[in-house]
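Novice: Below is a structure I'd like to ask you about.
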4 protein chains.
Amino acid sequence: MGIRVAVAGASGYAGGELLRLLAGHPEFDLVAATAHASAGRPVAVVHPQLAGLDLVLGATDPTTLADADLVFLALPHGQSAALAATLPGSVKVVDLGADHRLRDADAWARYYGGEHAGAWTYGLPELPGQRAAVAAADRVASTGCYAVATTLALAPLIAAGAVFPTDVVVVAASGTSGAGRAAKPHLLGSEVMGDLSPYKVGAHQHVPEIKQATGATSLSFTPVLAPMPRGILATVTAVPTGEADPREVLAGAYADEPFVHLLPEGAWPHTAATAGANSCHLQATVDVDSGRVIVVSAIDNLGKGAAGQAVQNANLMFDLPETTGLSVFGAAP
Amino acid sequence: MGIRVAVAGASGYAGGELLRLLAGHPEFDLVAATAHASAGRPVAVVHPQLAGLDLVLGATDPTTLADADLVFLALPHGQSAALAATLPGSVKVVDLGADHRLRDADAWARYYGGEHAGAWTYGLPELPGQRAAVAAADRVASTGCYAVATTLALAPLIAAGAVFPTDVVVVAASGTSGAGRAAKPHLLGSEVMGDLSPYKVGAHQHVPEIKQATGATSLSFTPVLAPMPRGILATVTAVPTGEADPREVLAGAYADEPFVHLLPEGAWPHTAATAGANSCHLQATVDVDSGRVIVVSAIDNLGKGAAGQAVQNANLMFDLPETTGLSVFGAAP
Amino acid sequence: MGIRVAVAGASGYAGGELLRLLAGHPEFDLVAATAHASAGRPVAVVHPQLAGLDLVLGATDPTTLADADLVFLALPHGQSAALAATLPGSVKVVDLGADHRLRDADAWARYYGGEHAGAWTYGLPELPGQRAAVAAADRVASTGCYAVATTLALAPLIAAGAVFPTDVVVVAASGTSGAGRAAKPHLLGSEVMGDLSPYKVGAHQHVPEIKQATGATSLSFTPVLAPMPRGILATVTAVPTGEADPREVLAGAYADEPFVHLLPEGAWPHTAATAGANSCHLQATVDVDSGRVIVVSAIDNLGKGAAGQAVQNANLMFDLPETTGLSVFGAAP
Amino acid sequence: MGIRVAVAGASGYAGGELLRLLAGHPEFDLVAATAHASAGRPVAVVHPQLAGLDLVLGATDPTTLADADLVFLALPHGQSAALAATLPGSVKVVDLGADHRLRDADAWARYYGGEHAGAWTYGLPELPGQRAAVAAADRVASTGCYAVATTLALAPLIAAGAVFPTDVVVVAASGTSGAGRAAKPHLLGSEVMGDLSPYKVGAHQHVPEIKQATGATSLSFTPVLAPMPRGILATVTAVPTGEADPREVLAGAYADEPFVHLLPEGAWPHTAATAGANSCHLQATVDVDSGRVIVVSAIDNLGKGAAGQAVQNANLMFDLPETTGLSVFGAAP
């Protein structure tokens, strides 16, 4: 008998990807998947890509979830804290939502609103010290999708003193699944295909999370919606201090990481190369004209940006090899 | 020590997908991957999605391949026969190309040209008798992408006498990876995005393969290039005999098949739902106005249409569980 | 002072394309555009591509519309008849909806339901006799998008006795704008990109319209949703009689038509080539194996399939050159 | 008899769009279109969207071109200068290439290489003084695609002292037609669909052009290839001086411009909204966290970024209304 796992919020895109990963995971046994409006519907109808998975979505109630050894919460921001509070301490929890990511209650109030639920262990094992922290935790707040793409590119550079934390500029484009599965007119295929458009300019809720995770003190962050289902490409620029070579810092930071690849010089990340995988691809250079450091990172927003990251954290929490049930290779083209 | 596997033609799209599947296969050990123009280049450069796979493409010579227990040939049509002829009988071979699919030398001459290399065991285990035949074979000709999508929809109906074999009409649209990786102007992203266009109308080389595999005696087949990287949607229509219910025939034929799913009534196949998987999704109905049977099938042309199918055959040839290293679940959205 | 024109249903995709065409039309003056939920919103907000068009959407009431010389109705099926009934006879009307297309009340009841509003002049000028009929009419029912693509490919062949009307098989794929602008989950960009899927299989409401317009007596019609915003590619197959050469029949039928192009032999239609234009591109051949005639047609579903077609009809109704304000050239790539 | 116009380099994407615009232009008569490898082929075969345009591509020789009143050069960078030098002074020339854009010979050598051909009048009428300069010129260097998108967003802010010219960061994503029509593997549809990837990071040849046109003294510029055929979205950030409100500056600068629209507050540009048009859509805000000014601009890279811009310049050079033959409205969705 494996580890009993439940997923709350299983009808969305991150939830569907979680179910896919769990269905192929050799140690986690999916025992329940719950939803709100889709409760009562077969998983294979809600997620056509899971045809053959014989499971019906249940209602999201604590009793169902409390029976598991591990619960993933893939709920809209602001909904996971209340549900998590009802789960017994014996159940380990990985929250894919934002509720427990921020340590700063003021930042929570400013960017999300409502009451701050308090911070859990931040689930990005590639940060210094976090691998052990996640392994020791019973409650882990998995990362935001833009946050992981940006943080993996930036955090080692600030930590090593290679760039100043004071003038960081990020433009990051995401595939549409990052905007969720609720039917909104601006997310219709007719609108997004052939289109690029920014949104929440200068005011995205991942800003405080990125600052907390990287140590940046000033962050200009512009998110862009891109005409593809999956993927995030983050272009991160910062001013070099001259104290360390940025590419060497990244090479050192990720030399032993299974999921983060600094590409060979001259090769730049492609989001498609990470599709379906838990990988992050990175490249860095110095801009000829401005002298700025430019680091570009690519992830699958549903993989390393959500479901894959969550499974990676869960593997650590249950003392499994970190790569169990996860792929480092994307399904491209 | 696992089964030693080599891939010839590893630089193309089917080759890349094969490498991805083999990298995750628990029994097959990838020991060599060869290419023509890309020989000498690291796999991770040729296939960015395989960043982290530490392997350099070799030249395609028989000595390299003969050292393996199993060789996959993912070469352009007409190139695999010559290479296969040089491999010792002790090496099992799965050919993803067309060279050994057709039993009829005239059909080969008409649709492909050049000398007919002779037929191998046809690698579609879901056909009656073929699972055992593949398991017993040392040389297997894996199916064509359009052929598998059409055959899985049609063969059981003709075999059961549910439809006449005399007036079959198929329109099938494929993602662009089915057209290969050679840089041709009409395959540029600028040309294919936002575009649908037919090609090889009434003269596609999969026609004789489909007729051989299904028993159809008259086949109108129109392939269409679709603006997506992967996936085939085949719409198959035929005239019912009234002797058997088509949907029930399909349900019976595939009840125990791991990779073929007849969807619940009312649900129609989506190609995206099979992306990255070795699945085929099917649905059937009777057209209200014409009385024709309409069966629609969806596959990933690189999965069940190429690399996945090839691995499925190889699993059988080595007496492994048929689903080893293959997923039935697609990575969607 | 030009001809005063109003558009009802201006917030949808066909309505938006109508506004674009009317804004560039030298004889039609757009005096009012109305909508339901979007009434009161500036056109440039509802349709970002019309930034700079200084017009606010009004409520759809007869008084506003009755003040125009010409009214376009771009409403959902079943809503235009009631509105049209309130307009005075002095106002000419082009209905882009289905309400007045079918002559057969039974067909209406079967495919649309509700009361049959009666047929108007069918607005496809390329059909024999229809150019004059449209020019003489005050009320014109413009064609359905699939219907025009299929009819232009098929009608001349049946009329000339080149193919039998008894066994016509059509598979037609449409871009997503054909499914409208209402926010439905299956139309989200995340769902449609990378995906092909059929819908309303064997039961689409354009079947009776196509039969009426072409003379087909048995029609198998399968519509497919394709991952692109615009465009329809219809693959039409029928059994030849041997009485006339299909390609020559089409060449003769369209020799003098400004908007219908039979492509040079060997060239097949591309939907992208018709984007933004009022063109239909055609090609025909005989299938080698089955002997069937295959005709493929491409249109822009919002152009020749909706708004362009409607303006073409209106030009005729007001005795303007038929091509006024319309382009035969697509904006590609 | 209108103004006689020829296009050199008519087989590429910018050339095709020029032909489309010229075919609908009431004053310019297209008398010749030339190409290199495609010489001798009908335009309608090379550009399927121009089916019905009865013209054969000629060879690119000076004799053919010298017969025109106006010549557009849509050649690869480095090829137009030599050809232009052979044209008589009586022929007006608009160069869509880069050869005559830069005033600084060193910058030319550094970013393009080869001999500097010398600067022509820079063809961006929206810059102060340039409208009159273009109108008075016989030789005009039309803008680069990224340059126009960035310059329209940035130049007025620097000119007004609203932002510092010393720390400008731009990330701009382009549709694939911006990369041209040469068949290269990384531009295949299979590679670009579903993918975002940067290129020429920190070293793009439009950097000196943007600096020259805007007055920026330090520019970090990262171009990204986006999965769509057309469109550029440029995210431009700079440090405000506090001397002027950026949005008001833009509003003032473009109040009377026919092709540049500052969107209503809260609305952000969509590239799709400019498809096929000569428009530029802008929006600006101040980033909450960093205090940086963020301006986002959207254009059609083949419209305002190439062919549309060139026609706008030509209109001025021939004293025609600037908007003749150009649309401000995009064809969306």
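Novice: Hey, what's the per residue convex hull volume over the C-alpha atoms of segment A:23-167, in cubic angstrom? Walk me through the intermediate numbers first.
Specialist: Working: hull volume 21.5 nm³, N = 145.
Output value, Cα hull per residue: 149 Å³.
Novice: Enumerate the amide H contacts of D:V260 below 5 Å, restricted to partners 5 or more residues apart or on another chain; note that Pro and chain-start residues carry no placed amide H.
Specialist: Here D:C280 satisfy the definition.
Novice: Moving on to the next point. Kindly give the distances from C:A133 to its copy-mates, label point to label point, with each label point 7 Å from Cα along Cα→Cβ, as nm values to one decimal ordered shortest first.
Specialist: Ordered by increasing distance: 5.5, 6.1, 7.5 nm.
Novice: Let me ask something additional. Can you list the HN-Hα couplings for segment D:38-52, worked out from phi with the Karplus curve (6.51, -1.76, 1.60; θ = phi - 60°), rounded to whole Hz and with x for Gly and Pro?
Specialist: Whole-Hz 3J(HN,Hα) from phi for segment D:38-52: 8, 4, x, 9, x, 3, 5, 8, 5, 10, x, 5, 9, 3, x.
Novice: How large is the Kirkwood hydrodynamic radius of chain B, in angstrom, based on all distinct alpha carbon pairs?
Specialist: 20.0 Å
Novice: In addition: For the protein assembly as shown, what is the largest minus smallest coordinate of the Cα atoms on each principal axis, given in angstrom and ordered from greatest to least?
Specialist: 82, 79, 61
Novice: For A:T121, C:T217, D:T274, what's the fewest-to-most ordering of other Cβ within 10 Å of each Cβ? Let's see the in-between values first.
Specialist: Working: A:T121 18, C:T217 14, D:T274 38.
Starting with the residue having the fewest Cβ neighbours, the order is C:T217, A:T121, D:T274.
Novice: What does the net charge come to around A:D300 if you take all other residues with beta carbon closer than 15 Å to its beta carbon, with K and R at +1 and D and E at -1?
Specialist: On the way: positive: A:R20, A:R230, A:K304, B:R20; negative: A:E17, D:D195.
Charge balance near A:D300 sits at +2.
Novice: Same structure, new question: Does segment B:281-325 come out rounded, prolate or oblate, given a ≥ b ≥ c as the square roots of the eigenvalues of its C-alpha gyration tensor, rounded meaning a/c under 1.5 and, failing that, prolate meaning a/b above b/c? Walk me through the numbers before you get to the answer.
Specialist: Details: a/c = 4.72, a/b = 3.10, b/c = 1.52.
Note, shape of segment B:281-325 comes out prolate.
Novice: Now, a different point. Per residue of C:290-299, count partner chain C-beta atoms within 10 Å of its C-beta, then hand back the mean as an integer. Please list the in-between numbers first.
Specialist: Values: counts 13, 3, 8, 2, 8, 1, 7, 0, 5, 0.
Going residue by residue through C:290-299 and averaging, the value is 5.
Novice: Shifting gears a bit: Relative contact order for chain A: what percent, with Cα pairs under 8 Å and sequence separation of 6 or more? Walk me through the numbers before you get to the answer.
Specialist: Values: 788 pairs, mean separation 57.0, N = 333.
RCO, chain A: 17 percent.
Novice: Compute the signed sum of charges (Lys and Arg +1, Asp and Glu -1) over the other residues within less than 13 Å, Cβ to Cβ, of B:E17. Could you put the intermediate results ahead of the total?
Specialist: Working: positive: B:R20, B:R181, B:R230, B:K304; negative: B:D300.
Taking every other residue near B:E17 into account, the sum is +3.
Novice: Sorted from shortest, what are the nm distances separating the label point of B:H186 from equivalent points in the other copies, each placed 7 Å from Cα along Cα to C-beta?
Specialist: Reported distances to equivalent positions: 2.7, 3.2, 4.0 nm.
Novice: Over chain D, what is the percentage of antiparallel beta bridges among all DSSP beta bridges, to the nearest 5?
Specialist: Working: 24 of 56 bridges.
Antiparallel: roughly 45 percent of the beta bridges in chain D.
Novice: Here is a further query. Classify segment D:84-231 as rounded, prolate or oblate, taking a ≥ b ≥ c as the square roots of the eigenvalues of its Cα gyration tensor: rounded when a/c is under 1.5, otherwise prolate if a/b is larger than b/c and oblate if not.
Specialist: Working: a/c = 1.82, a/b = 1.23, b/c = 1.47.
Because a/c hits 1.5 or more and a/b fails to exceed b/c, segment D:84-231 counts as oblate.
Novice: Right, here's the next one. How would you rank D:E265, A:E209, C:E27, going from fewest to most other Cβ atoms within 10 Å of each one's own Cβ?
Specialist: On the way: D:E265 9, A:E209 26, C:E27 15.
Placing the least packed residue first, the sequence is D:E265, C:E27, A:E209.
Novice: A further question on this structure: Give, as a single signed number, the net charge of other residues whose beta carbon lies under 13 Å from the beta carbon of C:G78, with Lys and Arg counted +1 and Asp and Glu -1. It would help to have the intermediate numbers written out before the result.
Specialist: Working: positive: C:R101; negative: C:D95, C:D99, C:E115.
Every neighbour counted, the sum reads -2.
Novice: Can you list the distances in nanometres, one decimal and ascending, from the A:E243 label point to the identical position in each other copy, with the point 7 Å along Cα to Cβ?
Specialist: Between copies, matching label points for A:E243 lie 3.4, 8.2, 8.9 nm apart.
Novice: Mean residue ellipticity at 222 nm from the helices of chain D, using -39,500 (n - 2.57) per DSSP H segment of n ≥ 4 over the full residue count, to the nearest 500 deg cm²/dmol? Write down the numbers at each step before the final one.
Specialist: Working: 11 runs with 86 residues, N = 333.
Computed mean residue ellipticity for chain D: -7000 deg cm²/dmol.
Computed from the coordinates by the stated procedures, all read-outs in this text should not be read as laboratory data. For clarity, every value in this text was computed on a predicted model and none was experimentally measured. Cβ coordinates were reconstructed from backbone atoms using ideal geometry, including for glycine residues, and neighbour counts include every protein chain displayed.
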